[in-house]
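Accompanying notes for the structure given below.
The values are calculated or read from the model by the stated rules, or taken from the named source; none is laboratory data. Please read these numbers as outputs of a predicted model, since none were measured by experiment. Cβ sites come from the backbone with ideal geometry, for glycine too, and all protein chains shown count toward neighbours.
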Amino acid sequence: MFSTQDKERQKFQINNERFYKASVDSVKFNSLYMPLVYVVIGFMIIITFFLGGIWFIEGKMTLNVIITLISYIASLGFPLMMLGQIMLIYVQADAALTRVREILDSAPEIEDSSEAIHMNSAKGEIIFENVSFGYTSEHRILKDVSFKIPEGKKLAILGTTGSGKSTIINLIPRFYEVNEGSIKIDGIDIRNYVLKDLRRNIGLVSQETYLFNKSIADNIAYGKEDSKYEEIVEAAKIAELHDFIMSLPKGYDSIVGERGTRLSGGQKQRLSIARALIVKPRILIFDDSTSSVDVETEFKIQEALMSIMKETTTIIITQRISTIRNADLILILDRGRVVGLGNHEELIESNVLYTQIFETLYQKQKSKGGEYIE
Amino acid sequence: MSKKRDEIEEEEKKIIQPSVAMHRGFMMDSGKSKLEHPRRELWKWLFSYLVGYKWKFLSFLILLLIGTLITSVSPIISAGIIDYGIVAKDGFYIISMSTIYFSLLLFMAITTYLAMYGMGKISQKITFKIRNDLFYKLQDMSLSYFDKRSSGDIMSITTNDVNQLNQLVGGQFVSIISSIVGLVLTIFIMFFLNPYLALLSLIIFPIFFFFTYLFRKVAMGLFKESRKTIGSVTSSIQENIAGAKVVQAYGQEKKASTEFDKANLANYNAMLKIRKFMATIFPLISLVTTVLTAGILLAGGFAVLGNVSIFGITVTVGVLSAFISILSQFFRPFMTLMQIQEMIASALAASDRIYKLLEEKGEIPDIENPKRLENVVGEIRFDSVNFGYTLENGQKMNLKSDSPQIETKVTRISDQSELAGLADNPMMKQMMKRAMDFMKALPEPYSSYMVKNVMLMPQNVRQKLFMSLMGQDPSEAPKLIDTILAEFNYAVPDTENANIHPELQTSFKRTKSKTRKEEPPLIPALPPEAILQMSKFLEKNLKSKPTLQSSSSEMGEGSGMMGGGMPQMSPQSMLRMLATVKIEKEVYNQIPKIVREALDEEKKIIQHEQSKGYVLKNMDLDIPPGKTMAIVGETGAGKTTITKLISRFYDVNDGEITLDNIDIREISKKDLRNLIGLVPQDAFLFTGTIKENLLYAFENPTPEEEKKMVEVSKFLGLHNFIEALHKKYDTKLKENASNISIGQRQLIAFARALITDPKILILDEATSSVDPYTETLIQDALDKARKGRTTIIIAHRLSTIKNADNIIVLSADKKGIIEQGTHESLIELNGKYKRLLEMQHRDIEFKN
């Protein structure tokens, strides 16, 4: 676009030259090695001739010894050269080993404790108690966050970028351990649950969807291998994806990522919603996951979801007025701290910040935009 | 950036081991795949890089040969030392010859070193150049090239394949030369020393050759397998690591492990097979060599003992000793020779890929003398534009390549051969010939008229004519022709019809553009017998195999069936043809069910292909200068396509796009793009400082340009944010600019585009949500920026849309604009636009 091809070419040339110089140096070294080996062997041979010759003449050594020696020396050539290569390979192997060990020796940070409890059917009540967390040790993203979501209720999380919304979502399935405080599901700290059970009960739809290079059906059924075809279709229908899939020549067997099956951002998101739904989790988390979906479709999805979500505890990061308003509980985050907690009516009355935010969002949606028409 | 580091490490590894090429040779990539270019061409291309270094290369080559010569000759000297020095008890001889021997050796060492170093350097230089050329070329490539290929593919060519070549020209070439020359010289020397023993030694040759052959055959297959397995292992790892979050979220760690284990085990087995093979064959070779040596010792030994002279030459101890040394080293060059074929094959394969890339058509080239632009006002217009991605630039879509479709060029066809030449399918040729004969048999003026105009006719007219005239007697035809033509308001001139009805047209207009085609022309109807015969054949074919074979080699007995010498046609193409041809109902009902189903299937596929083809069809658009146009529509409707077309990343297939009434194809791309400021959906920022990113358009930014940068930043409200950063404008951005938020990235991309003060602003709004505060910033920035510029926005935000001067609503189904107007007028229309808005309002209504 900027027609900066020439500039890029120059940059590349410089790097290329540097590489060239480095390679030439290694060529130099290598060229030296082989002749050197020959010289060494040659030297050994003439020593043999020399000393051997003298001793033979003096009668101290027999001819066969000399000849044998020479044969041996001659056959040393190959092994000697290989030795040089081995040195190089050794060095590389050593470096490689270090890297491999690094991975092998690292202990999983999060694993089941020996007394981990199974989570059979979660009810879905989530409690955050004074949770503080940071991805790095110096910087805390979440500071002393506390809230409670009763089972089957809906929580909307609001906040600016970087305020910690996605972080909260990452903590619930225990992708990371909290630094302080605790997260409890159904009254039990999540660290006491068997990890696999915990995660099986949580359906997570993240902002960026990652799909495997398998068929659509396999991708949707990823969390539940023994899913029946009807279950897959049902999930796809709720996610408003079914019609689209049927329009593809191979339908549910179309391979994601194969050329010709270009999934748009919205379709990918819907697929990941279907994927989360099929597991029928007790806890559903949406990380702003309908951003690439047009309003019409999102509406339909939400309606469909509302029927299942009756007994599901839902957490949703969103900026849509309707979602926020309908939430049972709203959590407002600012720079890692909870600055508002309650439902819409409560917050409108008591929380100035909330009123401001809501007003802004409303204005945006009404006249200045902020919502998506596509 | 760790990827780059790994790449460099990998490359270094490969460079540092040119002599290990011998071992690695076994592992080299040499599928027996066919090359796309003839070998001679590839060699020519490779040699072209050598041109500048011709003399240097030759001299190094000579040095190398000298070195090899000396190495080969040394056994003679040592034989001499033994015989004439030691045995003869000539101390002086020993010392003097040893010294000579050693000095020769030293000399050889030096020459070989120089040769290898020199040639190595040259090969590096060549690789350097090739890399440069590749990169140069890549910069020139059109977007469509990158769209079609994964970055992995391109990366592989620029790293792996270039490395392959590097190895060849560097280490491998040297070992090949020294091996061949050495071997030949050694054989001569053997004969020189003692022909009898030499002959005996040569028995080994056929055995060695046999081993070579065996090795090649077996090992290659094994290696191919191992490459496949290691590929699966790598991709299994890659996929599951990249998607680790998903794997963990769904608790599928075990599944991922199992998948990996399977792949790993398969790889292990494949590798094991290779090892087993190696473990068998090398000792075997060793055994053979040793047996041979023993044989030589036996024969030679007795000769020495008995002082027998054979062919007049006695065998001396020295000679015997020399032979033993030679033999112990004998196989090494043989091993190298064994791999020559593979080395060359893989080098050729690599060059093939590189060459292919270098040969690719670059971006749409500018025309010869592009028009210059002056005082650009910024008015853009689309005129009857057709465009589709799957089509090559400027070409029309073809159905599957073996479908008998005639490419109708709108030219006058004057004789039969031209017409027949159009069809590239032999069957079509036949039909065309028949048609031609028919037309020629018509009475005048119909005959010449038909011949002249048949290709000019609109598709439907022609089709109808053919259908009705098939099987008719040419003398009866004129009446039919008249009737049919009259239906379409045409008449043959100088006929009764034309005279009675002067309003009928007599000539067929040429259409506007050069290769204007209407729908892909259907073949003139086939006679029913042909259809039924083909159906029978297909039925047979379908019943025996679940899917049709697409290679014509499957024809087998089918070909004889087609009476009238219908030539070879694969079942697939036959199906395709039947699916495109119109079949009368009575005929259709006679087609066996299984064939009918296949036909329906095929028709669906065609439809799918066709509909996927075009993104925009017959689109007209007018954007007055300085105004803002918002584009709205669902995914895939063609919004981004429009912007790509304006910037000429793709050329339209039909119609034209004009800027200030000049067809953009007549302007140079650089001029055009200089006028356009593009802010794409996901702005790509480099790992550099913010300043570098902002000033990307300028090679060496001047202070004025830097000042402009600050101005623009302030204008957009970006400046404050940057100032708040620790290093302000010199803050370095991480890969994917992960250290700043999405909103800020957008603003930077915005600023970057605005700095060039473009007349046309194209903004592809990002769909990812940003916090309301940044959103306001972006919104305000946009409002400011679009003043005085022709702005095109692919809009997602209502505010943007409301303020646009014109809104167009695109539809993927209709492949074009379905609604157009201002916000208010569109609401009144009560169409899709209104519906979309209502969706939102439903949201808002909740408040009250």
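If we scan the stretch B:217-235, do we find a residue that is under 28 Å from B:I296 (Cα atoms) and buried (at least 18 other Cβ atoms within 10 Å of the Cβ)?
The initial filter retains those residues of the stretch B:217-235 that are under 28 Å from B:I296 (Cα atoms), namely none.
Taking every residue of the stretch B:217-235 in turn, none turns out to be under 28 Å from B:I296 (Cα atoms) and buried (at least 18 other Cβ atoms within 10 Å of the Cβ).
With assigned by TED's automatic domain parsing to the domain that holds A:L195, within 24 Å of A:D197 (Cα to Cα) and among the hydrophobic types (A, V, I, L, M, F, W, C) as the only criterion, which of A:I157, A:I110, A:I149 stands out? Reasoning before the result, please.
Working: A:I157 fails: within 24 Å of A:D197 (Cα to Cα); A:I110 fails: assigned by TED's automatic domain parsing to the domain that holds A:L195.
Matching residue, one of A:I157, A:I110, A:I149: A:I149.
Mind listing just one residue for me: the one in the stretch B:620-647 that is at pLDDT below 85 and part of a strand (DSSP E or B) and, of those, nearest to the chain's Cα centre (by Cα)?
Looking at residues that are at pLDDT below 85 and part of a strand (DSSP E or B), I get B:G633.
For a quick check of your reading: which strands (runs of 3 or more DSSP E) sit entirely within the stretch A:150-269 and have at least 1 residues that are within 12 Å of chain B (Cβ to nearest Cβ) and either closer than 26 Å to A:K300 by Cα or in contact with a Ser or Thr (Cβ under 6 Å, 6 or more places away or on another chain) (or both)?
A:154-159, A:202-205
Which of the numbered conditions does B:A88 fail, given that it passes all the others? Conditions: (1) in contact (Cβ under 8 Å) with a residue 60 or more places away in the chain; (2) over 23 Å from A:V40 (Cα atoms).
Against the list (1) in contact (Cβ under 8 Å) with a residue 60 or more places away in the chain; (2) over 23 Å from A:V40 (Cα atoms), B:A88 comes up short only on (1).
Filter the helices (runs of 4 or more DSSP H) completely within the stretch B:679-752 down to those with at least 3 residues that are over 22 Å from A:T160 (Cα atoms) and modelled with pLDDT of 75 or more.
In the stretch B:679-752, B:690-694, B:703-716 are the helices (runs of 4 or more DSSP H) which contain 3 or more residues that are over 22 Å from A:T160 (Cα atoms) and modelled with pLDDT of 75 or more.
When you check B:S96 against the structure, is it exposed (fewer than 15 other Cβ atoms within 10 Å of the Cβ) and modelled with pLDDT of 85 or more, yes or no?
yes
What pairs come up if the first residue lies in the stretch B:706-722 and is within 11 Å of B:I690 (Cα to Cα), the second is among the aromatic types (F, W, Y) and in a helix (DSSP H, G or I), and their beta carbons are under 7 Å apart, counting only those six or more places apart or on different chains?
From the stretch B:706-722, the pairs are B:I722/B:Y729.
Residue-by-condition table, conditions (1) surrounded by 12 or more Cβ atoms within 10 Å (Cβ to Cβ); (2) within 34 Å of the chain's Cα centre (by Cα); (3) more than 30 Å from A:D197 (Cα to Cα):
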| residue | (1), (2), (3) |
| --- | --- |
| B:N240 | yes, yes, no |
| B:K262 | yes, yes, no |
| B:A266 | yes, yes, yes |
| B:N269 | yes, yes, yes |
| B:A279 | no, no, yes |
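Restricting the search to the stretch A:23-47, which residues are more than 7 Å from chain B (Cβ to nearest Cβ), at pLDDT below 85 and either more than 30 Å from B:Y101 (Cα to Cα) or crowded, with 16+ Cβ neighbours inside 10 Å (or both)?
Correct list: A:D25, A:Y33.
For the stretch A:154-173, give me each residue that is surrounded by fewer than 19 Cβ atoms within 10 Å (Cβ to Cβ) and not polar (S, T, N, Q).
Once the filter is applied, which keeps residues that are surrounded by fewer than 19 Cβ atoms within 10 Å (Cβ to Cβ) and not polar (S, T, N, Q), the stretch A:154-173 yields only A:G162.
Kindly indicate whether B:V288 is out of contact with any Asp or Glu (no Cβ under 9 Å at 6 or more places or on another chain) and closer than 22 Å to A:L204 by Cα.
No: the conditions fail for B:V288.
Counting only residues that are among the charged types (D, E, K, R) and touching a Phe, Trp or Tyr at 6+ places or on another chain (Cβ under 6 Å), how many does the stretch B:666-695 have? First the steps, then the outcome.
Quick first cut of the stretch B:666-695, residues among the charged types (D, E, K, R) only: B:666, B:669-671, B:673, B:682, B:691-692.
Next, only the ones that are touching a Phe, Trp or Tyr at 6+ places or on another chain (Cβ under 6 Å) stay: B:691.
Number of matching residues: 1.
Which one of B:A79, B:A115 is modelled with pLDDT under 85, in contact with a Leu (Cβ under 7 Å, 6 or more places away or on another chain) and either assigned to a helix (DSSP H, G or I) or on the phi > 0 side of the Ramachandran plot (or both)? Don't jump to the end; show me each part of the working.
Numbers: B:A115 fails: modelled with pLDDT under 85.
Result of the check over B:A79, B:A115: B:A79.
Within the stretch A:67-116, restricting attention to residues that are more than 30 Å from B:V87 (Cβ to Cβ) and among the hydroxyl-bearing types (S, T, Y), which residue is nearest to the chain's Cα centre (by Cα)?
Looking at residues that are more than 30 Å from B:V87 (Cβ to Cβ) and among the hydroxyl-bearing types (S, T, Y), I get A:S106.
Please pick out the residue among B:K4, B:K56, B:K14, B:K44 that is within 27 Å of the chain's Cα centre (by Cα), at pLDDT 80 or above and under 30 Å from A:R18 (Cα atoms).
Values: B:K4 fails: at pLDDT 80 or above; B:K56 fails: within 27 Å of the chain's Cα centre (by Cα); B:K14 fails: at pLDDT 80 or above.
Testing whether each residue is within 27 Å of the chain's Cα centre (by Cα), at pLDDT 80 or above and under 30 Å from A:R18 (Cα atoms) leaves just B:K44.
At the interface with another protein chain (Cβ under 8 Å from one of its Cβ atoms) and crowded, with 21+ Cβ neighbours inside 10 Å, is that true of B:G91?
no
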